[in-house]
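The values are calculated or read from the model by the stated rules, or taken from the named source; none is laboratory data. If you're wondering where the values come from, they're calculated on a predicted model, not measured in any experiment. Here the Cβ positions follow ideal geometry from the backbone for every residue, glycine too, while neighbour counts run over all protein chains shown. Heads up: the accessible areas ignore ligands, DNA and RNA and are worked out on the full protein's heavy atoms, side chains in. Shrake-Rupley method; radii C 1.70, N 1.55, O 1.52, S 1.80 Å.
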Amino acid sequence: MFPNTSLLQPINSQRGFLLPLALFIIVVMGVLALTISRTATQTQSASVQELISLQSFYAAESGAQRGMKALFFDVNNRQAADAVCANMNLSPSYNGVAGLNACAVTVTCSCRYRNGNDCAPATTANYASTATIDVLTSFYTITSIGACGQNEYRAARTIQAGAFMEQQQ
C-alpha cells in the first residue's frame with residue numbers, strides 16, 4: 001500500500017510562480033499609493049500656503065491704502081503732511097473682516113525732500129515761499145507689512161507706495 005507517486009509528481013513540478021508575482025504587485029502598488037499620498041499632501045500644503053500668501057498681500061495693500069488716507073485725507077498743506085508722515089505708525093485691526101481676520105498689519109511712512117534730507121516739519125523755513133528749491137517738494141514712502149497665518153503656514157508681504165507733494169509758490 002504505497003501511495004501512487006505519479007499523482008504527486010505534478011504538484012512537485014510547480015515552482016510557485018504566482019507568489020513572487022503577487023509580492024511584486026503588492027510592493028509596487030504600495031509604493032504607488034505612498035507616492036500619491038505624499039503628492040496629495042504636498043499639493044494641499046502648497047494650496048494653503050498660496051492662500052495665506054495672497055491674504056497677506058491684500059492685508060499689506062489695504063494697510064498702504066489706509067496709510068495714504070491718513071497722510072492726505074485731512075491734511076491741507078505740505079508741512080502738516082510731513083508731520084503726519086513723521087509720526088505715522090499704524091496697526092489697523094481686521095477683526096471681523098472676512099478673509100483678513102487672522103492678519104496683522106504695520107504701516108509706517110518716511111519723508112524726504114528733493115535734496116535727499118529727511119523732512120523736518122518743525123523747521124518752518126522749509127515751508128516758506130523763500131525756501132530753496134531743494135526743500136519745496138516732499139516725497140513720501142508708505143511701507144505696509146501684512147502678515148497672516150501661523151507656524152509653517154505663515155506669510156508676510158511688504159508693499160511700498162510712493163507719493164509727493166509740492167509747495168505752491
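Tabulated data for the structure shown
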item	result
Local electrostatic count, F57, Cβ distance below 11 Å [Lys/Arg +1, Asp/Glu -1]	-1
Kyte-Doolittle mean at least -0.5, axial Cα span of 15 Å or more - DSSP H helices of the chain	18-72
Reported label for calculated volume of the Cα convex hull per residue in Å³ given (1) 162; (2) 126; (3) 178	(3)
1.4 Å probe accessible area per residue over region 19-91, in Å²	68 Å²
Carbon and sulfur %, accessible surface of the chain computed with the full protein complex present, 1.4 Å	59 percent
Difference of contour (0.36 nm per residue) and Cα-Cα distance, T123 to I26	26.8 nm
Gained length - L18 relative to Q160, 0.36 nm times residue gap less alpha-carbon distance	44.4 nm
Residue-normalised accessible area of region 108-169, expressed per residue, 1.4 Å probe, Å²	60 Å²
